[in-house]
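Okay, handing you the structure first.
The values are calculated or read from the model by the stated rules, or taken from the named source; none is laboratory data. Since the structure is predicted, the reported quantities are computational estimates derived from the model, not experimental observations. Note: ideal-geometry Cβ built from the backbone for every residue, glycine included; neighbour counts use all protein chains shown.
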Amino acid sequence: MAQKGFGVLMSGNSFGRYFVVTTFGESHGLAIGGIVDGCPPGMALTKADIQADLNRRRPGSSRMTTQRRESDAVQILSGVFEGVTTGTPIGLSIQNEDQRTRDYSQIKDLYRPGHADLTYDAKYGLRDYRGGGRASARETAVRVAAGAIARKYLKEFGGIEIQAAMTQMGPIQAKQRDWSAVEHNPFFFPDSSRVAELEALIEELRRAGDSVGARILVRAQGVPAGWGEPVFDKLDGDIAKALMSINAVKAVEIGEGFEVVTRRGSEHRDEISPEGFLSNRSGGILGGISSGQEIYASIALKPTSSIRISGRTIAADGSEAEISTKGRHDPCVGIRAVPVAEAMLSLVLMDHLLRQRAQNPDRAQINFFAKKQSATPDTSS
């Protein structure tokens, strides 16, 4: 007989240990939302602090993404009093405003290839066919809202900056990484010279009813040395889990990632001088613990599986079928994944900030390369 009292442990809807985020809701339900538990008291917080990141992720924000129209207006239900966090759980709610369930009525008994339709049925014995239900990328709006809270705290109390960019869409790669260009085009692309090519590719995909994948780079600057645990809760392990949990992500790289396969040890190791590291091929993490360098990781997102091009599948009764998905879908889901990647990295770092503060408070902001002078100089010679 199943034991009672383990719902949170079993269901996988919560993330984090000290800064815990629990999300709820489906793509075509009344609302999506979440609870953020563990935010320290005393931080100024308003809807505007959260809404800015939600606006970057929301559907319909540009003609390059799905044309589902959602304002993604967040409501803070609890945990904030007179504009300041109280230390109690922060409740968040976002209304769903532009659902079109009829877009899915003709395929409700079919399993969409590349989607979670078949696996949800295998797990639960039923599924919400309306836009994928809980498996929809719509759920990530709550992660972005929670991540905005973590991101604000990390910046104000730790001086940590987190930023992501789409460095490749299909065959088009950024030839340069100008971080100042990222917020000035709808692709969050760091190479403004290639934006016209990206726009042309999106239009080509729309006409063909097809989609393409993408690569996202996310980084954190200002993380001190010493965050993370050496065995099961390695900082890079937690980052990998967080980024892998994003819809459509099929690969995660920390630092140079798969490039290490072709390198020799003499090339890959990050040599050290009294002034600091001479390179950062490990992505700012050594032995599961932050080194004080920039932390960076990349993720690969698959092409959107909901496309107009007909493909083979089966129905719920096992019979063969053909399927073509109508409705409003992203030609490249990676575009709107940029703020989601920022949010998930923020949640991991916030969790480890609180852990380090509790476990090793005296070493929370150690600068290993700062020149130290003894309080009692040795004068015996």
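Within region 260-279, is there a residue that is closer than 24 Å to MET350 by Cα, among the acidic types (Asp, Glu) and either in a loop (DSSP other than H, G, I, E, B) or modelled with pLDDT of 95 or more (or both)? Break it down into steps so the answer makes sense when it comes.
So in region 260-279, the residues closer than 24 Å to MET350 by Cα come out as none.
There is no residue in region 260-279 that is closer than 24 Å to MET350 by Cα, among the acidic types (Asp, Glu) and either in a loop (DSSP other than H, G, I, E, B) or modelled with pLDDT of 95 or more (or both).
Among the residues of region 178-210, how many are exposed (fewer than 14 other Cβ atoms within 10 Å of the Cβ) and either among the basic types (Lys, Arg) or within 24 Å of the chain's Cα centre (by Cα) (or both)?
5
Please enumerate the residues belonging to region 8-59 that are under 22 Å from LEU349 (Cβ atoms), among the charged types (D, E, K, R) and in a loop (DSSP other than H, G, I, E, B).
Across region 8-59, the qualifying residue is only ARG17.
When both residues are 6+ apart or on different chains and their Cβ atoms are under 7 Å apart, which pairs have a first residue that lies in region 69-92 and is farther than 16 Å from MET43 by Cα, and a second that is buried (at least 16 other Cβ atoms within 10 Å of the Cβ) and of a type in the set (Lys, Arg)?
GLU70/ARG58; ASP72/ARG58
Still on this model: Conditions first: (1) assigned to a helix (DSSP H, G or I); (2) in contact with a Leu (Cβ under 9 Å, 6 or more places away or on another chain). LEU354 passes all but one, so which condition is the exception?
(2)
Name the pairs whose Cβ atoms lie under 8 Å apart, with the first residue in region 261-290 and in contact (Cβ under 8 Å) with a residue 60 or more places away in the chain and within 21 Å of PHE369 (Cα to Cα), the second acidic (Asp, Glu) and surrounded by 13 or more Cβ atoms within 10 Å (Cβ to Cβ), and 6 or more positions between them or separate chains?
GLY284/GLU294; GLY288/GLU229; GLY288/ASP233; GLY288/ASP236; ILE289/GLU229
Follow-up. Is at least one residue of region 112-132 surrounded by fewer than 20 Cβ atoms within 10 Å (Cβ to Cβ), among the small types (Gly, Ala, Ser), in contact with a helix residue (DSSP H, G or I) (Cβ under 9 Å, 6 or more places away or on another chain) and modelled with pLDDT under 90?
Yes, that holds for at least one residue.
Within region 281-335, how many residues are of a type in the set (Gly, Ala, Ser), assigned to a loop (DSSP other than H, G, I, E, B) and either out of contact with any strand residue (DSSP E or B) (no Cβ under 6 Å at 6 or more places or on another chain) or surrounded by fewer than 22 Cβ atoms within 10 Å (Cβ to Cβ) (or both)? Lay out the reasoning, then the answer.
Step one: of region 281-335, the residues of a type in the set (Gly, Ala, Ser) are 282-284, 287-288, 290-292, 297-298, 300, 305-306, 310-311, 315-316, 318-319, 321, 324, 327, 334.
Keeping just the survivors that are assigned to a loop (DSSP other than H, G, I, E, B) gives 282-284, 287-288, 291-292, 305-306, 310, 316, 318-319, 324, 327.
Next, only the ones that are either out of contact with any strand residue (DSSP E or B) (no Cβ under 6 Å at 6 or more places or on another chain) or surrounded by fewer than 22 Cβ atoms within 10 Å (Cβ to Cβ) (or both) stay: 282, 287-288, 291-292, 305-306, 310, 316, 318-319, 324, 327.
Within region 281-335, residues that are of a type in the set (Gly, Ala, Ser), assigned to a loop (DSSP other than H, G, I, E, B) and either out of contact with any strand residue (DSSP E or B) (no Cβ under 6 Å at 6 or more places or on another chain) or surrounded by fewer than 22 Cβ atoms within 10 Å (Cβ to Cβ) (or both) number 13.
Scanning region 167-221 for residues that are β-branched (Val, Ile, Thr) and touching a strand residue (DSSP E or B) at 6+ places or on another chain (Cβ under 7 Å), which turns out nearest to SER310 (Cα to Cα)?
The residue in question is VAL212.
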